[in-house]
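These notes concern the structure reproduced below.
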Amino acid sequence: MGYFTRVLTKLETVPELDDLEELLLREHPGCRLEVEDTDEEGEWTSLLLSTVDGIEVAVLERNPVEDGSAGQDEIADLLEDARDARPESARQWLEEFLDEVRTVYSFQHLQGAEFVEGLAALHALRHKLFERGESILQADNEGFTNEEGYHILWQFADTVSGSWNMAVLQEDTWRNFSMDLGDPDHREAFWNGEVPSDLEGLRRRP
């Protein structure tokens, strides 16, 4: 099945291929984009990101969310996977957000994503799509972010560790902070929708 990361957006407008190619040319000239598939209007629906020497980095698919579409199925699968995730406040917010998502941009990570330049190019493209606005990010076996890019839902493996930028929703306001994913007290607080007590004075600003 592979590893996927996604940009989930309320926007329906299609990003210009020229803008994505210009980004790579300017910031990651060692990588390129190739159109793999288009829709009836000639708009791209699938792009291949690869290095100039032919190593495939990722397949980027654009899936509109419509009745009976692959995008609709993808949203349904993500909701099912997040059904028991915590904190509950973030899960409820996510369900409402996903109900308004109109396009799923799905990155299937390939061999070239294991190398620094390939992964950097993939991240640049993903951020380009995300920064258009009204969007959140999702990563398999990790979870979702809010619209500011802070992680809001726990879907990590039990063995995960390291510092991570998180947010909890309190009184309709996101509180951003950086926690140790391996710290059991930090985990428990986050699962309960709280900022860990020892981080209250160190809360990150947007």
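Each value in this text was obtained by applying a stated rule to the coordinates, not by laboratory testing. Bear in mind that the values here come from a model prediction, so they are computed numbers and not experimental data. Here Cβ is always computed from backbone atoms with ideal geometry, including for glycine, and neighbour counts include all displayed protein chains.
Between the Cα long axis of helix 116-130 and the first principal axis of the chain there is an angle of about 80°, rounded to the nearest 10.
Exposure proxy for ARG6, ARG102: other Cβ atoms within 10 Å of each Cβ, ordered fewest to most, give ARG102, ARG6.
Computed on the range 95-206, the Cα convex hull volume stands at 128 Å³ per residue.
Going from the residue with the fewest nearby Cβ atoms within 10 Å to the one with the most, PHE190, PHE115, PHE4 rank PHE115, PHE4, PHE190. Positive end of the dipole of the chain (Cβ unit charges, origin at the Cα centre): among TRP191, TYR105, PRO29, the Cα lying farthest that way belongs to TRP191.
Charging the Cβ of each Asp and Glu at -1 and of each Lys and Arg at +1, and nothing else, the dipole of the range 11-56 about its Cα centre rounds to 360 debye. P(r) tail, the range 45-93: Cα-Cα pairs separated by more than 17 Å, 57% of all pairs.
The residues LEU25, LEU153, when put in order of fewest to most other Cβ atoms within 10 Å, stand as LEU25, LEU153. In terms of the Cα gyration tensor, with a ≥ b ≥ c the square roots of its eigenvalues, is the range 130-185 rounded because a/c is under 1.5, prolate because a/b exceeds b/c, or oblate? Oblate. Helix 88-98 axis versus longest C-alpha principal axis of the chain: approximately 20°, rounded to the nearest ten. Centre-to-centre, using Cα atoms only, the range 41-79 and the range 130-153 are separated by 17 Å. Globularity index of the chain is 1.06 (Cα radius of gyration / 2.2 N^0.38 Å, N = number of residues). Measuring max minus min along each principal axis, the C-alpha atoms of the range 11-82 give extents of 38, 29, 19 Å (largest first). Counting only alpha carbon atoms, the long axis of helix 70-81 and the longest principal axis of the chain meet at about 20°. Rounded to the nearest 20, the size of the Cβ-charge dipole of the chain about its Cα centre is 820 debye, with Lys and Arg at +1 and Asp and Glu at -1. Considering only PRO87, PRO184, PRO15, the mean-square fluctuation computed in a Gaussian network model of the chain, springs between alpha carbons under 10 angstrom, is largest for PRO184.
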